[in-house]
1. Once you place label points 7 Å from the Cα toward the Cβ at residue 44 and residue 30, how far apart are they in nm?
2. Whole number please: convex hull volume per residue of the Cα set in the stretch 2-83, in Å³?
3. I'd like the orientation of helix 12-22 relative to the chain: the angle between its Cα long axis and the longest Cα principal axis, in ° from 0 to 90, rounded to 10.
4. At a 10 Å Cβ-Cβ cut-off, how would you order 3, 60, 52, fewest neighbours first?
5. Taking the Cα centre of the chain as the origin and placing charges on Cβ (Lys, Arg +1; Asp, Glu -1), which of 52, 10, 25 is farthest toward the positive end of the dipole?
6. Give me the distance in nm between label points sitting 7 Å out from Cα along the Cα-to-Cβ direction at residue 4 and residue 54, one decimal.
Amino acid sequence: MFIEGNVQDVHFRDNAHETARAHDLTGWIRNLEDGRVEGVFEGSEEDVETMIEWCRTGPIKADVEDVEVEVGNPQGDLEDFEKQ
């Protein structure tokens, strides 16, 4: 998933990390040099959908303009959720 807008330096990754862990998701989230945030989430379909919806708004200081979701087959090799 790629999140675009004012999503860096607004605690997006910190809040995404907390939200993902609360929903027992595995994966990671990181800032990209072009100003976007990239995330990979694995878990139940319902929990992943909840995370996607959260990413559409993000934390209070974020201004999300676009969310690009790419659905793939879960690999099952992620053990935790990391903020990179």
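We did not get these values from a lab; they are worked out from the coordinates using the rules stated. Note that the structure is predicted; figures quoted are calculated from it, not measured. Positions of Cβ are generated from backbone atoms using ideal geometry, with glycine treated the same way; all protein chains shown enter the neighbour counts.
1. The modelled label-to-label distance comes out at 3.0 nm.
2. Spelled out: Cα convex hull of the stretch 2-83, divided by residues, is 84 Å³.
3. Approximately 30 degrees, to the nearest ten.
4. Ascending number of Cβ neighbours within 10 Å: 60, 52, 3.
5. Towards the positive end, the residue furthest out is 10.
6. Those two pseudo-labels are separated by 2.4 nm.
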